[in-house]
1. Taking the Cα-to-Cβ direction at Arg157 and at Ala120 and moving 7 Å from each Cα, how far apart do the two end points lie in nm?
2. Starting from the Cα gyration tensor of the chain, take the square roots of the eigenvalues, sort them a ≥ b ≥ c, and report rounded, prolate or oblate (rounded when a/c is under 1.5, otherwise prolate if a/b is larger than b/c, else oblate).
3. Which of the listed residues, Met132, Tyr77, Ile253, is farthest toward the dipole's positive end in the chain, when Lys, Arg count +1 and Asp, Glu count -1 at the beta-carbon?
4. Mind jotting down the distance between the C-alpha centroids of region 52-118 and region 202-230, whole Å?
5. Starting from 0.36 nm per residue, how many nanometres of slack lie between Thr128 and Arg62 once their C-alpha separation is accounted for?
6. Compute the projected area of the convex hull of the Cα atoms of region 26-155, averaged over all viewing directions, and report it in nm² to one decimal place.
7. How would you rank Lys58, Lys64, Lys49, going from fewest to most other Cβ atoms within 10 Å of each one's own Cβ?
8. Report the net charge of residues surrounding Leu185, where surrounding means a beta-carbon distance below 14 angstrom and charges are Lys +1, Arg +1, Asp -1, Glu -1.
Amino acid sequence: MSPLTAGAENVAKLPVHGLIDSHCHLDDAAFDDDRDAVLRRAETAGVCKIVVPAYTPKHWGRLKETCRHHPGLYPAYGVHPLYLNDRDGAWEATLAALLTQSVALGEIGLDASDGAPDAAHQRAGFATQLAMARQLGLPVILHARQSLEEVILTLRRFLGLRGVLHSFSGSLVQAQRLMDMGFLLGLGGALTHPRAQRLRATVANLPVESLLAETDAPWQTPHGHPGTRNEPAYLSEIIASLAQLRHTPAQEIARITAQNALTLFHLQDAP
Ligand SMILES: [Zn+2]
């Protein structure tokens with residue numbers, strides 16, 4: 001059966017290559033024991049480039065070293081809303097210096113989950129970093145947990161910025177508002193869970209030209225690997241889910257989402 005006549009289920013299982021994991025915390029300690037093996041499995045699974053966003057300033061050095069030692073890894077520096085209290089007095093100057101070797105500013109955003117830092121504190125940290133990204137002409141990697149509406153309203157004050165709303169799980173209307181402002185939508189393991197019906201229905205109706213594929217490893221493990229650490233090799237399963245939902249060959253999804261990542265993060269020109 002040729003790829004063109006195969007059913008969507010079969011098409012999705014064909015091997016894919018040229019994948020880009022647009023969001024993976026490969027510097028995390030969860031990979032300290034077997035990072036090389038994880039990267040070899042990713043390569044075998046067709047993943048050729050990985051964007052590694054920061055979360056805490058405490059680990060900016062670790063992130064820099066990890067990306068320096070492994071070709072195909074591209075760092076993004078920033079302060080995640082849950083780690084704002086890890087900043088020291090020199091954080092802005094340190095961040096500005098690191099951003100000269102960064103494909104994006106991130107991950108940054110707002111988080112309204114239990115135990116998150118004070119909302120006003122988060123808004124200030126988010127706005128400061130959005131202003132830095134705009135000044136430097138860098139794309140942003142956005143985190144929005146239980147706060148997507150406020151993130152969208154905040155972005156309206158920074159028109160002209162580009163970036164990706166990572167781990168998107170909003171409505172079609174919210175997706176459209178983000179796309180209208182020039183933002184892409186990052187999709188990961190959540191999509192592979194059969195019970196994520198609302199998200200799957202939304203994604204089936206989004207233009208592939210606005211999507212990025214991501215694992216968010218070591219977190220957000222796809223369906224089929226319950227209770228285990230996520231890793232970038234599983235990106236092919238996210239691509240397969242996208243292919244099934246959209247009745248499009250997996251290689252086509254892989255090609256377009258990889259091109260979207262190359263363009264947004266200027267990976268072609270990155271050192
Ligand atoms: Zn993340």
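Each value in this text was obtained by applying a stated rule to the coordinates, not by laboratory testing. Owing to the predicted nature of the structure, the values given are computational and were not obtained by experimental measurement. Here the Cβ is made from the backbone with ideal geometry for all residues, glycine too, and neighbour counts use every protein chain on show.
1. Taking the simple label geometry, Arg157 and Ala120 are separated by 1.4 nm.
2. On the way: a/c = 1.71, a/b = 1.35, b/c = 1.27.
The shape class here is prolate.
3. Of the options given, the answer is Ile253.
4. If we compute the Cα centre of each part, the gap is 22 Å.
5. Answer, rounded to one decimal: 21.4 nm.
6. Details: hull surface 34.4 nm².
For region 26-155, the mean projected area of the Cα convex hull comes to 8.6 nm².
7. Working: Lys58 12, Lys64 18, Lys49 22.
In increasing order of surrounding Cβ atoms, one gets Lys58, Lys64, Lys49.
8. Numbers: positive: Arg162, Arg177, Arg200, Arg246; negative: Asp180, Glu209, Glu214, Asp216.
Neighbourhood net charge equals 0.
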